Amino acid sequence: MRTTARWAAALGLTAAAVCGPLTGAAVAAPDAAPSSLYAPSALVLTTGHGSDAATATPERAVTLVCAPGASGTHPAAAQACAELRGAAGDFDALKGHADAFCTKIYDPVVVTVQGVWQGKRVSYERTFGNNCVKDAATGSVFAF
């Protein structure tokens, strides 16, 4: 009797281990709905002094998540996400502060972006003449 009970228990556990993963979401069709209504928007932004990203050492880096809500380590995540949405994710189209007065001292600052914006891969790099020019051109997106 004991042997029969052991075999029944062993077969039950084996069946559960083999068939368990086949229940629930694992058997969903390939055309199943996504788990979220929002395309991912998660970025890593860096700034550093130098003429290009290959030679500049990143001095600061933050994360910025814009979907479904603004979050990350960016100090003004909600405002930065709003500005990026206003520019349709195009970093060159950011409005910034047109009325800013900056010196013409050349102290190059390079910014980079790596990540995903609304489900599409993003890789961006731009060099500005100095920190004031960067802040004037990009608003709060790179103000960290």
- Within region 109-138, how many residues are part of a loop (DSSP other than H, G, I, E, B) and either open to solvent by 20 Å² or more (accessible area, probe 1.4 Å) or hydrophobic (A, V, I, L, M, F, W, C) (or both)? 3
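Give the residues of region 54-70 that are assigned to a loop (DSSP other than H, G, I, E, B) and open to solvent by less than 40 Å² (accessible area, probe 1.4 Å), sorted by residue number.
Taking region 54-70 as the starting set, the residues that turn out to be assigned to a loop (DSSP other than H, G, I, E, B) are 54-59, 68-70.
Matches in region 54-70: ALA56, GLY69.
Among the candidates ALA77, ALA93, ALA87, which residue alone is touching a Lys or Arg at 6+ places or on another chain (Cβ under 8 Å) and at negative phi? Full working, then the answer.
Values: ALA77 fails: touching a Lys or Arg at 6+ places or on another chain (Cβ under 8 Å); ALA93 fails: touching a Lys or Arg at 6+ places or on another chain (Cβ under 8 Å).
The match here is ALA87.
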- Item | Test for THR73: is it assigned to a loop (DSSP other than H, G, I, E, B) and among the polar types (S, T, N, Q) | yes
- Message: Just checking, does region 73-81 include any residue being farther than 14 Å from VAL113 by Cα and either in contact with a helix residue (DSSP H, G or I) (Cβ under 6 Å, 6 or more places away or on another chain) or crowded, with 16+ Cβ neighbours inside 10 Å (or both)?
- Response: yes
- Query: Within region 88-107, which residues are in contact with a Gly (Cβ under 9 Å, 6 or more places away or on another chain) and open to solvent by less than 20 Å² (accessible area, probe 1.4 Å)?
  - Reply: LEU94
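The values are calculated or read from the model by the stated rules, or taken from the named source; none is laboratory data. All of these numbers come straight from a predicted model, not from anything done at the bench. Heads up, the Cβs are rebuilt from the backbone with ideal geometry, glycines too, and the neighbour counts pull from every protein chain shown. These accessible areas exclude ligands, DNA and RNA; they are computed on the full protein's heavy atoms, side chains included. Shrake-Rupley method; radii C 1.70, N 1.55, O 1.52, S 1.80 Å.
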